[in-house]
1. For the stretch 140-178, give me the residue count where each residue is open to solvent by less than 80 Å² (accessible area, probe 1.4 Å), closer than 16 Å to residue 108 by Cα and of a type in the set (Ser, Thr, Tyr).
2. Could you check the stretch 70-170 for strands (runs of 3 or more DSSP E) lying wholly inside it with 3 or more residues that are over 30 Å from residue 56 (Cβ atoms) and out of contact with any His (no Cβ under 7 Å at 6 or more places or on another chain)?
3. List the number of the failed condition for residue 176; all other conditions in (1) in contact with a helix residue (DSSP H, G or I) (Cβ under 6 Å, 6 or more places away or on another chain); (2) more than 30 Å from residue 69 (Cβ to Cβ); (3) of a type in the set (Gly, Ala, Ser) hold.
4. Criterion first (touching a Ser or Thr at 6+ places or on another chain (Cβ under 9 Å), among the β-branched types (Val, Ile, Thr) and either open to solvent by 40 Å² or more (accessible area, probe 1.4 Å) or at pLDDT below 85 (or both)) does residue 31 satisfy it?
5. Can you tell me which residue within the stretch 80-139, out of those that are within 18 Å of the chain's Cα centre (by Cα), surrounded by fewer than 17 Cβ atoms within 10 Å (Cβ to Cβ) and among the hydroxyl-bearing types (Ser, Thr, Tyr), is nearest to residue 160 (Cα to Cα)?
6. So which residues in the stretch 48-79 are more than 18 Å from the chain's Cα centre (by Cα) and among the basic types (Lys, Arg), if there are any at all?
7. Quick one: in the stretch 58-69, of everything that is part of a loop (DSSP other than H, G, I, E, B) and not aliphatic (A, V, I, L, M), which residue is surrounded by the fewest Cβ atoms within 10 Å (Cβ to Cβ)?
Amino acid sequence: ARGPEGLVARFSRAAQAALLLAVEERVGRSVLRLGGAAAAGAIIVTYARVTQISVESSRASGATVTGSLANENFGALIRARLIVNAAGPWLDAVRALEDKTAPPLLQLTKGIHVTLARERLPIRRTIIMTTPDKRSIFVVPREDCVYFGTTDTFHPTSEYWPAITREDIDYLLRCGEA
């Protein structure tokens, strides 16, 4: 069967999620760094949407934030000597709050990954392949699964869960058949 539902029929499992292996490692390292910063007196604010940057003497001096989790209804002005923009794909949107003329720094991409049962693709080591259009395909074994995917499709917006398109699926399956 063709289409997203066909992935499940063709492979034992399919996932519409980020490749969590890399995220787990990056988050772990970030948490260690944040712990050190907190021990040195930094106040760490998470799950807060920045709605305004305060500027004094041409330098960011604070941020107005609101809660971003469901049922949160708070806002606060946080003043600081140093502000770290760790907004990921929303970095340029946060920068624009301080300087509306700031040119974008990021070229956003999105990607899809298929999760296969390990017996369907019994590899022991991670494989990185270059495709004819110079993108990279990653094949990563992890316990009883193998993650197979690409992460280099340009995407114009920073939505949290970009949709998987038919074109994404066809591209990945063609590369897997090559």
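1. Step one: list which residues in the stretch 140-178 are open to solvent by less than 80 Å² (accessible area, probe 1.4 Å), which gives 140-141, 145-153, 155, 157-158, 162-165, 168-173, 175-176.
Still in the running and closer than 16 Å to residue 108 by Cα: 150-153, 155, 157-158, 162-164, 168.
Next cut, of a type in the set (Ser, Thr, Tyr) only: 150-151, 153, 157-158.
Matching residues across the stretch 140-178 total 5.
2. Values: elements: 75-79, 109-117, 127-130, 136-142, 145-154.
Filter on the stretch 70-170 gives 109-117, 127-130, 136-142, 145-154.
3. Looking at each condition in turn, residue 176 falls short on (1).
4. Values: touching a Ser or Thr at 6+ places or on another chain (Cβ under 9 Å): no; among the β-branched types (Val, Ile, Thr): yes; either open to solvent by 40 Å² or more (accessible area, probe 1.4 Å) or at pLDDT below 85 (or both): yes.
Answer is no for this residue.
5. Across the stretch 80-139, the extreme among qualifying residues is 109.
6. Hits for the stretch 48-79 are 59, 79.
7. Kept after step one, since they are part of a loop (DSSP other than H, G, I, E, B), are these residues of the stretch 58-69: 58, 68-69.
From what is left, the residues that are not aliphatic (A, V, I, L, M) are 58, 68.
Numbers: 58: 7, 68: 11.
The extreme case among them is 58.
The values are calculated or read from the model by the stated rules, or taken from the named source; none is laboratory data. Every value quoted in this text rests on a predicted model; they were computed, and no experiment measured them. As a convention, Cβ positions derive from the backbone with ideal geometry for all residues, glycine included, and neighbour counts pool all protein chains shown. Keep in mind that these areas ignore ligands, DNA and RNA; they rest on the heavy atoms of the full protein, side chains included. Shrake-Rupley method; radii C 1.70, N 1.55, O 1.52, S 1.80 Å.
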